[in-house]
1. Output the residue which, of all residues in the range 174-192 that are surrounded by 14 or more Cβ atoms within 10 Å (Cβ to Cβ) and charged (D, E, K, R), is nearest to Thr162 (Cα to Cα).
2. Restricting to the range 156-186, and then to whatever is free of Cβ contacts under 8 Å to residues at least 24 places away in the same chain and among the aliphatic types (A, V, I, L, M), can you tell me which residue is farthest from Ala224 (Cα to Cα)?
3. When the residues of the range 216-232 are narrowed to those that are open to solvent by 90 Å² or more (accessible area, probe 1.4 Å) and of a type outside the set (Gly, Ala, Ser), which ends up modelled with the highest pLDDT?
4. Looking only at the range 85-103, how many residues end up being open to solvent by 60 Å² or more (accessible area, probe 1.4 Å) and farther than 16 Å from Glu122 by Cα?
5. Between a residue in the range 17-30 that is farther than 14 Å from Ile6 by Cβ and any residue that is of a type in the set (S, T, N, Q), which pairs come within a Cβ distance under 7 Å, given they are 6 or more apart or on different chains?
6. Taking Thr20 as the residue in question, decide whether it is farther than 26 Å from Gln117 by Cβ and open to solvent by less than 50 Å² (accessible area, probe 1.4 Å).
7. Could you check the range 158-199 and list, in sequence order, the residues that are modelled with pLDDT under 75 and assigned to a loop (DSSP other than H, G, I, E, B)?
8. Tyr48 passes all but one of (1) open to solvent by 50 Å² or more (accessible area, probe 1.4 Å); (2) farther than 30 Å from Leu107 by Cα; (3) touching a Pro at 6+ places or on another chain (Cβ under 6 Å); which number fails?
Amino acid sequence: MDRREIAGLLAYMGRLDPRTMRTDPGELRDQVDQWQELLGDVPLATEYGWDARTAVRAHVVSSPYPVLPVDVARQWAKHSADRLARHTDPVPTADPDDVESWRAELLGTRHAVLAGQRPPNEQRAITAAEATVDPAVEARLRAIGSVIPPAVRAELSRFRPTRAAREAAAVEGRPDPLAVRCEWCHAPAGEPCRNRRVGLDGGARGNARRAKPHPSRLDLAAAALHRQESAA
């Protein structure tokens, strides 16, 4: 800001907060000198969101203390830092082999953003969008009934015996023992049963997975399936 802009800003500030007004010509001159010393590199306003008068008004509204030039300078520094944080360097048009020109163009762009001479180059954030499925893929999924073809699922069953058993039970309408908690070994739902042995001190021993669930768990699963069928 030049002296004329500083004087205009002080006049605006005086209307909002009469405590800051100076009527003596000497005091007014000293006030203008002080403000220009601290705000000489701060613009009065830019085309991209900054206005020193807005900063003055915000301070008068939010603080009981008179506005100081450093308050405006800090708001400008915060505004500039926020703009630069949202800026992504565009690819310079200079020859990449010309390091000095490449660097000068990058620094020039950043300086223009900091000075409020151009808006930050913002990259749009990646946002979630509704997934679209190709009609041919959707038709194929309906035909096979799963994202995994039956032949591949059969091959995988050797490596996933527990899951294969649960899927077979669901297809055949049999109760799924892993759908309920085992009251014998305390295996939670979804986990296979464990071999449980009781030591001489009464504590549990052994933690190996069982290939088959405990009979009591089968009974609980059958009872749960019966309740579901009755409710339906």
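The values are calculated or read from the model by the stated rules, or taken from the named source; none is laboratory data. Keep in mind that what you see is a predicted model, and the values were worked out from it rather than measured. Positions of Cβ are generated from backbone atoms using ideal geometry, with glycine treated the same way; all protein chains shown enter the neighbour counts. For accessibility, only protein heavy atoms count, side chains too; no ligands or nucleic acids. Shrake-Rupley method; radii C 1.70, N 1.55, O 1.52, S 1.80 Å.
1. Kept after step one, since they are surrounded by 14 or more Cβ atoms within 10 Å (Cβ to Cβ), are these residues of the range 174-192: 174-182, 184-185, 187, 191-192.
Among the residues that remain, those that are also charged (D, E, K, R) are: 174, 176, 181, 191.
Working: Arg174: 15, Asp176: 11, Arg181: 15, Glu191: 9 Å.
If we take residues in the range 174-192 being surrounded by 14 or more Cβ atoms within 10 Å (Cβ to Cβ) and charged (D, E, K, R), then Glu191 is nearest to Thr162 (Cα to Cα).
2. Leu156
3. So the residue we want is Asp219.
4. 9
5. Nothing qualifies.
6. Working: farther than 26 Å from Gln117 by Cβ: yes; open to solvent by less than 50 Å² (accessible area, probe 1.4 Å): yes.
For Thr20, the condition - farther than 26 Å from Gln117 by Cβ and open to solvent by less than 50 Å² (accessible area, probe 1.4 Å) - is met.
7. Hits for the range 158-199 are Arg196, Gly199.
8. Going through the list (1) open to solvent by 50 Å² or more (accessible area, probe 1.4 Å); (2) farther than 30 Å from Leu107 by Cα; (3) touching a Pro at 6+ places or on another chain (Cβ under 6 Å), Tyr48 breaks only (2).
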